[in-house]
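Just below is one structure, and these are the notes that go with it.
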Amino acid sequence: MLIREATAADWPGIWPFLRDICAAGETFAYPLHPSKEEARAMWMLPAPAHVVVAEEAGTVLGTANMYANRSGNGAHVASASYMVDPAHQGRGTGRALVTYSLDWARAAGFRRIQYNAVVETNAPALALYRDLGFEILGTLPEGFRHPELGYVGLHSLHRAL
């Protein structure tokens, strides 16, 4: 598996699973049915953000975007988002992307990383984050409307770099 900077040529490989993950409505507080253009603007963030893909044999397995969580006096805290194509889950892609983002944030001079909105029912992501040293800062009760479970909490997580 290779993790590298995403290019415009990667969007056709990202869009199908990003679209499906958004439509499922279970893990991201994104619009359920963004247009292709809206989704691209939402995910393919311009510099100084950093967007990558994990690929194998020319197939995009997953993607991540990473950036300063806030500007100004909060710009020393990074954040990131990850999506793994459901057809390729369970192969370590998520772990590789998170590890890559931690290394990127450290090298870019960030002191901490914070995830603002991790759905409390997203057990695989939470297990991975905990395994990589993240702690839950707090939970916004009913902060996310899950399509099957109704209103569930949104966790904020962090760790030092």
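The values are calculated or read from the model by the stated rules, or taken from the named source; none is laboratory data. Quantities reported herein were computed from a predicted structural model and do not represent experimental measurements. Every residue, glycine among them, receives a Cβ derived from its backbone with ideal geometry; neighbour counts consider all protein chains shown. Surface accessibility is based on the protein's heavy atoms, side chains included, excluding ligands, DNA and RNA. Shrake-Rupley method; radii C 1.70, N 1.55, O 1.52, S 1.80 Å.
At a glance:
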| quantity | calculated |
| --- | --- |
| Cα gyration tensor category, rounded, prolate or oblate, for the chain with a/c compared to 1.5 | rounded |
| Dipole moment magnitude, nearest 20 debye, the range 57-157 about Cα centre, only Lys, Arg, Asp, Glu C-beta charged | 320 debye |
| Fraction of beta bridges assigned by DSSP in the chain that are antiparallel (%, nearest 5) | 95 percent |
| Solvent exposure of the chain as accessible area per residue, Å², 1.4 Å probe | 51 Å² |
| Residues listed by number, the range 102-131, amide nitrogen under 19 Å from H146 label point at 7 Å toward C-beta | 116-130 |
| Förster-model FRET efficiency, 22 Å R0, R112 and M1, C-beta, rounded to 0.05 | 0.25 |
| Protein accessible area in the range 47-160, 1.4 Å probe - carbon and sulfur % | 50 percent |
| Only Lys, Arg (+1) and Asp, Glu (-1) charged, at Cβ; the range 1-86 dipole about Cα centre in debye | 260 debye |
| In Hz, Karplus ³J(HN,Hα) per residue of the range 37-53 (6.51, -1.76, 1.60; θ = phi - 60°; x = Gly, Pro) | 5, 4, 5, 4, 5, 6, 9, 7, 5, x, 4, x, 5, 10, 10, 10, 10 |
| Inter-part distance where the range 1-58 and the range 141-161 are each reduced to a Cα centre, Å | 21 Å |
